[in-house]
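Participant: Following this message is one structure expressed as structure tokens.
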Amino acid sequence: MKITVRAFADYREFIGKEMELIVPEEKTIGELLAELGDRYPKLRSEMFTPTGELKDFINIFINGRNIAFLKDMATPLTDGDIIALFPPVAGG
Amino acid sequence: MYGWIGRYLRIDLGSGTVRKEVITPDLARKYLGGRGLGTHFMMTEVDPKVDPLSPQNKLIFAAGPLCGTNAPSASHYDVISKGPLNGTIAASSSGGLFGPMLKYAGYDMIILEGKSAKPVYLWICDDVVEIRDAAEIWGKTVPETTEAIRSATDEEASVACIGPAGERLVLFANVMNECGRAAGRSGVGAVMGSKNLKAIAVRGTGAVRVPDPKAFREAVVKASAKIKANSVGGKGLKNYGTDVLVNILNELGGLPTRNFLDGYFPTADKVGGESLAKQLLIRPRGCYACIISCGRATKVTNPKFAGQGEGPEYETAWAFGPDCGIDDLDAVTKANYICNDYGMDTITMGSSVACAMNLFENGVITTKDTDGIALNFGDAEAMVELVRKTAEGEGFGKKLALGSYRMAESYGHPEYSMTCKKQEMPAYDPRAIQGIGLNFATGNRGGCHVRGYTISPEVLGQPVKLDPRVTEGKPALDITFQDLTAALDSSGMCLFTTFGLGAEDLAELLSAATGLNITTEEFMKIGARIWNLERLFNLKAGLSALDDKLPERLTKEPILTGPSKGLVNRIDEMLPEYYKLRGWDSAGIPTKNTLADLGL
């Protein structure tokens, strides 16, 4: 299945603005991020603690929904999903 | 007194009388300063039914007890008045250096009364207070005025002034200080213009006293560390400015697009903070004692929209960008520069252009109304031209100068105005984010995000992640944010510190600065007191529960595209509970018990 990953703010420095990935079925967002972390260690260190926990104030959306309101890292991906990765941001 | 100076200026512009008066400790503790103290004086001295642009209205510049200390980002002051845009109690906050300088000169506040017979400006240098002739600077832009007054007084002076828009009584004219910082909303600049007051220049050589400098320094270090550890003190705001929010709101499907016809703008990234940093940013800018530096010093070299100045902030980039269907960052920034130079609120200006485009595309107005300009969404040149016309007071610009509500109403269609209480909503779509919709509807100065920024938990996940699509729990959330912000605005701190600091931290800082034992509970109760006092002012001005609403578009017309497609705001599920939790009756009136509990 095809998954689009979009990066914002500082994350663009690590993985670019947007990429399309072809991944096998039955993959979760957690598994996908682990694989991305293998390819981009800087992204992993910015997003996750050394013990693998998502750091505070980082937001991950799948099709506009924060994974915190889905099944978190266990959220299954489906073909055509758009994933958006945001480092901590503030403003107003 | 510590923290406070304990003294303020009362200036009658009609007679030229200047008096120095004392703030009692009890009153200071009850309302702190800034927005709270100013609202108290408005409530006790001004008839809420007053014509905002008449001499009977008052204009108050007020700083809080922390302002001017070395607490992190303790730069803010408020301009309080009855606002001409919508007739509600107006309190507009600004950073920069003006607030601290006012306190160093020896004053917590200035109350301006009456109307000068001719244009004047104030020059305050410690104990010397002069009302000076402003004939030569009347008509000048904000940078020209600032430079001229500094040359005539002191190059170190902080200048808060109006531009030509304030002189012409544009209903959303603002007060600018340090050229790029704005007390932006509700038209407080028009009130200043109505009094023939062009500027206030202040230079102070004193200091803000704290009872125990060592203990205060420790509290400051602790608070600063908390802010630095939070996202607001991280790289995001410094590198990208507040405009970094464009993409997260758009990816959520909560970025109002084309006058709120939609909530998603496919090319939003072109006006986002990442693009701004790459294309236009010269350097970040911070206010007094700022450890965040969210301000943007920028330059546009594109000859069509060339200029240099400050901005755009997120709200501005949205208002002139996606809300008008525009993704041209140069044009957006140019419109921002015009607003800064002439002294106009960018949110109301941009939203009024968007409203006009909506009216034009639906055939309500034609080129006969718009000086021959076709107003289609996405037309960047037309947008900038309308901003210029409003600034210059030309043709159709005179209609836009009334704000979107009165402009649309004059064509028989106020429903095109995306306002709450006739003030334009900012850059968050209440159909995608339920809690912020309730906040807009109940806002005491109308549509406004800085009265209760529930976007923090609902979108940014701070301090916790709350589902933006859920209405449950949002009334209590809104009240907490509204009260916290009211107390914060009255303390003299920048709102952005609340990304890292909670009520407990702010109460601790206040206690260390004032020597009083202000508990977290007392801090929040002060906020509730101010909120209710503002509500009472509005009720006496003639507003009612009927005004606590969102435009019908947001409750009846779903978002068309993007991740939030199909959603509407469900304010009816939230408003009754909000009244109940506030201690108000079903008509939105604070009960006697509530007022007694708050000492009102």
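Participant: Which one is farthest from the other protein chains (Cβ to nearest Cβ) among residues in region B:261-306 that are out of contact with any Ser or Thr (no Cβ under 7 Å at 6 or more places or on another chain) and assigned to a strand (DSSP E or B)?
Facilitator: My answer is B:Lys299.
Participant: Being in a loop (DSSP other than H, G, I, E, B), at the interface with chain A (Cβ under 10 Å from one of its Cβ atoms) and buried (at least 24 other Cβ atoms within 10 Å of the Cβ) narrows it down to one of B:Pro468, B:Pro463, so name that one. Please lay out each step first, then the result.
Facilitator: Values: B:Pro463 fails: buried (at least 24 other Cβ atoms within 10 Å of the Cβ).
Step by step, each of B:Pro468, B:Pro463 is checked, and only B:Pro468 is in a loop (DSSP other than H, G, I, E, B), at the interface with chain A (Cβ under 10 Å from one of its Cβ atoms) and buried (at least 24 other Cβ atoms within 10 Å of the Cβ).
Participant: Checking B:Asp262 against (1) touching a Phe, Trp or Tyr at 6+ places or on another chain (Cβ under 9 Å); (2) touching a residue at least 60 places away in the same chain (Cβ under 8 Å); (3) acidic (Asp, Glu): exactly one of these is not met. Which one?
Facilitator: Only one criterion is unmet by B:Asp262, namely (1).
Participant: What's the number of the condition B:Leu516 fails, among (1) in contact with a Pro (Cβ under 7 Å, 6 or more places away or on another chain); (2) away from chain A (no Cβ under 14 Å)?
Facilitator: That leaves (1) as the condition not met.
Participant: Filter region B:425-448 for residues that are farther than 20 Å from B:Ala268 by Cα, touching a residue at least 60 places away in the same chain (Cβ under 8 Å) and not in a helix (DSSP H, G or I) and give the result.
Facilitator: B:Asn444, B:Arg445, B:Gly446, B:Cys448, listed by residue number.
Participant: Does region B:171-185 contain at least one residue that is out of contact with any Phe, Trp or Tyr (no Cβ under 9 Å at 6 or more places or on another chain), buried (at least 18 other Cβ atoms within 10 Å of the Cβ) and at positive phi?
Facilitator: Yes, there is a match, as at least one residue in region B:171-185 is out of contact with any Phe, Trp or Tyr (no Cβ under 9 Å at 6 or more places or on another chain), buried (at least 18 other Cβ atoms within 10 Å of the Cβ) and at positive phi.
Participant: Taking the condition at pLDDT 95 or above, crowded, with 17+ Cβ neighbours inside 10 Å and of a type in the set (Ser, Thr, Tyr), does B:Thr205 pass?
Facilitator: On the way: at pLDDT 95 or above: yes; crowded, with 17+ Cβ neighbours inside 10 Å: no; of a type in the set (Ser, Thr, Tyr): yes.
So B:Thr205 does not fit the description; no.
Participant: Moving on. Please work out which one of (1) touching a residue at least 60 places away in the same chain (Cβ under 8 Å); (2) touching a Lys or Arg at 6+ places or on another chain (Cβ under 7 Å); (3) not in a loop (DSSP other than H, G, I, E, B) is the condition A:Ile3 fails and give its number.
Facilitator: All conditions are met except number (2).
Participant: Moving on to the next point. Answer yes or no as to whether B:Phe320 is crowded, with 19+ Cβ neighbours inside 10 Å and more than 14 Å from chain A (Cβ to nearest Cβ). Steps first, answer last, please.
Facilitator: Numbers: crowded, with 19+ Cβ neighbours inside 10 Å: yes; more than 14 Å from chain A (Cβ to nearest Cβ): yes.
So B:Phe320 passes the test.
Participant: Does A:Pro88 satisfy the criteria of being at pLDDT below 95, more than 10 Å from every other protein chain (Cβ to nearest Cβ) and part of a loop (DSSP other than H, G, I, E, B)?
Facilitator: Numbers: at pLDDT below 95: yes; more than 10 Å from every other protein chain (Cβ to nearest Cβ): no; part of a loop (DSSP other than H, G, I, E, B): yes.
The answer is no for A:Pro88.
Participant: Any chance region B:473-491 includes a residue that's surrounded by fewer than 24 Cβ atoms within 10 Å (Cβ to Cβ) and outside any helix (DSSP H, G or I)?
Facilitator: Yes, some residue in region B:473-491 is surrounded by fewer than 24 Cβ atoms within 10 Å (Cβ to Cβ) and outside any helix (DSSP H, G or I).
Participant: If B:Ala503 meets every condition in (1) closer than 27 Å to B:Gly295 by Cα; (2) more than 14 Å from every other protein chain (Cβ to nearest Cβ); (3) touching a helix residue (DSSP H, G or I) at 6+ places or on another chain (Cβ under 6 Å); (4) crowded, with 22+ Cβ neighbours inside 10 Å apart from one, which number is that one?
Facilitator: So B:Ala503 meets the others, but not (4).
Participant: Considering only residues of region B:551-564 that are in contact with an Asp or Glu (Cβ under 9 Å, 6 or more places away or on another chain) and not aliphatic (A, V, I, L, M), which is nearest to B:Thr419 (Cα to Cα)?
Facilitator: Of the residues in region B:551-564, the ones in contact with an Asp or Glu (Cβ under 9 Å, 6 or more places away or on another chain) are B:551-555, B:559-564.
Next cut, not aliphatic (A, V, I, L, M) only: B:551-553, B:555, B:561-564.
Working: B:Pro551: 7, B:Glu552: 10, B:Arg553: 11, B:Thr555: 13, B:Thr561: 22, B:Gly562: 23, B:Pro563: 24, B:Ser564: 21 Å.
Once the filter is applied, the top-ranked residue is B:Pro551.
Participant: If a residue must be in a loop (DSSP other than H, G, I, E, B) and within 7 Å of chain A (Cβ to nearest Cβ), how many such residues does region B:231-254 contain? Full working, then the answer.
Facilitator: Taking region B:231-254 and keeping what is in a loop (DSSP other than H, G, I, E, B), we get B:234, B:241, B:253-254.
From what is left, the residues that are within 7 Å of chain A (Cβ to nearest Cβ) are B:234, B:253.
Residues flagged as in a loop (DSSP other than H, G, I, E, B) and within 7 Å of chain A (Cβ to nearest Cβ) within region B:231-254 amount to 2.
Participant: Okay, next question. Going by the conditions given, is B:Asp505 over 21 Å from B:Asn439 (Cα atoms), in contact (Cβ under 8 Å) with a residue 24 or more places away in the chain and either among the charged types (D, E, K, R) or assigned by TED's automatic domain parsing to the domain that holds B:Leu37 (or both)?
Facilitator: Details: over 21 Å from B:Asn439 (Cα atoms): yes; in contact (Cβ under 8 Å) with a residue 24 or more places away in the chain: yes; either among the charged types (D, E, K, R) or assigned by TED's automatic domain parsing to the domain that holds B:Leu37 (or both): yes.
Spelling it out, B:Asp505 is indeed over 21 Å from B:Asn439 (Cα atoms), in contact (Cβ under 8 Å) with a residue 24 or more places away in the chain and either among the charged types (D, E, K, R) or assigned by TED's automatic domain parsing to the domain that holds B:Leu37 (or both).
Participant: Going by what's in this entry, would A:Glu18 be described as within 14 Å of chain B (Cβ to nearest Cβ), surrounded by fewer than 19 Cβ atoms within 10 Å (Cβ to Cβ) and over 27 Å from B:Val470 (Cα atoms)? Spell out the reasoning first.
Facilitator: Values: within 14 Å of chain B (Cβ to nearest Cβ): yes; surrounded by fewer than 19 Cβ atoms within 10 Å (Cβ to Cβ): yes; over 27 Å from B:Val470 (Cα atoms): yes.
So A:Glu18 passes the test.
Participant: Further question: I'm trying to understand the selection: among the residues of region A:44-67, which are within 10 Å of another protein chain (Cβ to nearest Cβ) and farther than 19 Å from B:Gly236 by Cβ?
Facilitator: Result: A:Ile62, A:Asn63, A:Gly64, A:Arg65, A:Ile67.
The values are calculated or read from the model by the stated rules, or taken from the named source; none is laboratory data. Since the structure is predicted, the reported quantities are computational estimates derived from the model, not experimental observations. Using ideal geometry, Cβ is built from the backbone for each residue, glycine included, and neighbour counts are taken over all protein chains shown.
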